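Since the structure comes first, as structure tokens, the remarks are kept for the end.
Just so it is clear, none of the values below were taken in a lab; they were calculated from the coordinates. Bear in mind that the values here come from a model prediction, so they are computed numbers and not experimental data. Backbone-built Cβ (ideal geometry, glycine too); neighbour counts: all protein chains shown.
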């Protein structure tokens, strides 16, 4: 009976985590064009990361900072957001280097960043890793998104 309770707790937390990720993914879709969505992404992911210490939330936080770099008018503020985003993304990947979603976030960011910023060193590495590993992904949405993004 005790094992059944533990199993149910694990299943419920996995379902809640998956639903939670959907909310963050929606913010990713709108954050590039909406400063409000970018700020919401930063606030929510920062709170979630501080609470859970899950690297995925650090990845979402990093992308929120990259989005804010696009929305900022002041060039110094743009660079500050961008550099904070790089640092946060590196931290997320250092904690969980095999996380496909974080690697995909870094890949998309590096492919979108202007070359003059020099944030493009892991593009080939991430593309190769994602191409090789996406077939093992259990999250159907993420698996499909990776496949579509990489045009596989």
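Which FRET efficiency, nearest 0.05, do residue 128 and residue 83 yield, Cβ-Cβ r, R0 30 Å? FRET efficiency, residue 128 to residue 83: 0.70. The long axis of helix 2-31 is offset from the longest Cα principal axis of the chain by roughly 20 degrees.
In the chain, helices alone account for a calculated mean residue ellipticity at 222 nm of -27000 deg cm²/dmol, with every DSSP H run of four or more residues adding -39,500 (n - 2.57). Projected label points at residue 111 and residue 136, each 7 Å from Cα along the beta carbon direction, are separated by 2.2 nanometres. Given that just one value was derived from the coordinates, which of (1) 25, 18, 16; (2) 28, 19, 13; (3) 33, 15, 12 is semi-axes √(5λ) of the Cα gyration tensor in Å? The value computed from this structure is option (2). Taking the fewest neighbouring Cβ atoms within 10 Å as the starting point, the ordered list for 127, 36 is 36, 127. Principal-axis analysis of the Cα atoms of the chain puts helix 75-95 at an angle of about 30° to the longest axis. For the chain, the longest principal axis of the alpha carbon atoms and the long axis of helix 123-133 meet at an angle near 20°. The fewest-to-most ranking of 34, 112, 45, 98 by surrounding Cβ atoms within 10 Å reads 98, 112, 34, 45. Sorted fewest first by neighbouring Cβ atoms within 10 angstrom, 56, 123, 116 come out as 116, 123, 56.
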